[in-house]
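Remarks on the structure that follows.
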């Protein structure tokens, strides 16, 4: 009888344990996801950090972030940062002050939710060295008219429109009249402005005036005259790349080369060689395509297959092919702050790839777009980590352990009584 009761009690406890595990998985709070895309911008005695907004894995609310930092890089589970500080808000930027100029600092971050849960892993570690005059600069590099209805503005870094179309003005310099912009497209470090027909008048000088633009790294574009760029509008709606040869009276055509009708044969031959030489020179001297393509967007990684399969799944939206000349995408990877690999050609239309990764490592990937002329985009980067923090075991497994101990205690007492 005692043996039968013992078996019944054991299987009853096991069943309750499984039910408790399912309940804990569904109802106990889960920590926020890992903080992504942390960037460190050095300044005088300080470093400004910027990152992407982080979500809570169980649908909760991320209320603030924790910044870990120190003068030593954290690579092993036994390592730790010198200090940490809570940001106290949901803003995705924070400045760490009172730092020593000329000293490299290392930073990593976690997110905190409304139930005090903390990300189970650090963000990818970043480093910056504060100092006088080391603040990054962000400036306009070029403004170029593409057609009668398009103008492109190129910047020194990927650009962000803080206030949409109100982030800038394109005006006619003499009258200061604003030119209505029909559509704005941001591709990496290039801003494409589209206008209606006859919005630009040939011969007029137009000026690009920024008001609230910043780089992807968070550096705000100056709004003084140094950031105002100009161009003279041209009528290029019917422009042709064909090279024309000056016509002469009473011409005849022989083998597509033009001659006067009464020239001697030797003069004809000499003239033919000159005309061919001019055509070849004109063709070779045409403006080369030096405009890089735009970058892909929404680069993300799914690490759910990692623990069972040993790989992650990268996804992204391929770059918009503005000039219809994109021919390839190249993926570069590196571990930690190591050297980038030689890159892997993916092809033009690919938007998903599996990558093999190791546990307890920091990674960074960079996706670059390539066009027919060999121009490369700046590249979109994504840091991620398979290394756990030292914040302790997750609340689910603590709860499961307590449930197991409770029911095993009941089982032990039953056996002792009988």
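Computed from the coordinates by the stated procedures, all read-outs in this text should not be read as laboratory data. The structure displayed is predicted, hence computed values, not measured ones. A quick note on method: Cβ atoms are made from the backbone with ideal geometry, for glycine too, and the neighbour counts reach across all protein chains shown.
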(message) Within a 10 angstrom radius of the beta carbon, how do 193, 382 rank from fewest other beta carbons to most?
(response) 382, 193
(request) Using 0.36 nm per residue of separation minus the Cα-Cα distance, give me the extension gain between residue 84 and residue 300 in nm, one decimal. (result) 75.0 nm
(request) Between the alpha-carbon centers of segment 289-341 and segment 199-237, tell me the distance in whole angstrom. (result) 30
(request) Subtract the Cα-Cα distance of residue 93 and residue 114 from 0.36 nm times their separation in residues, and report this length gain in nm to one decimal. (result) 5.7 nm
(request) Give the calculated FRET efficiency between residue 358 and residue 320 to the nearest 0.05, with a Förster radius of 30 Å applied to their Cβ-Cβ distance. (result) 0.30
(message) For a quick check: sort 127, 291, 54 by the number of other beta carbons within 10 angstrom, fewest at the front.
(response) 127, 291, 54
(request) Subtracting the Cα-Cα distance from 0.36 nm times the residue separation, let me have the gained length for residue 235 to residue 141 in nm, one decimal. (result) 31.5 nm
(request) Tell me the label-point distance for the pair residue 101, residue 307, using the 7 Å Cα-to-Cβ offset, in nm and rounded to one decimal. (result) 4.8
(request) Would you order 144, 378 from fewest to most other beta-carbon atoms within 10 Å of each residue's own beta-carbon? (result) 144, 378
(message) Under the √(5λ) rule applied to the eigenvalues of the Cα gyration tensor, what semi-axes describe the equivalent ellipsoid of segment 297-385? Give them in Å, descending.
(response) 25, 14, 10
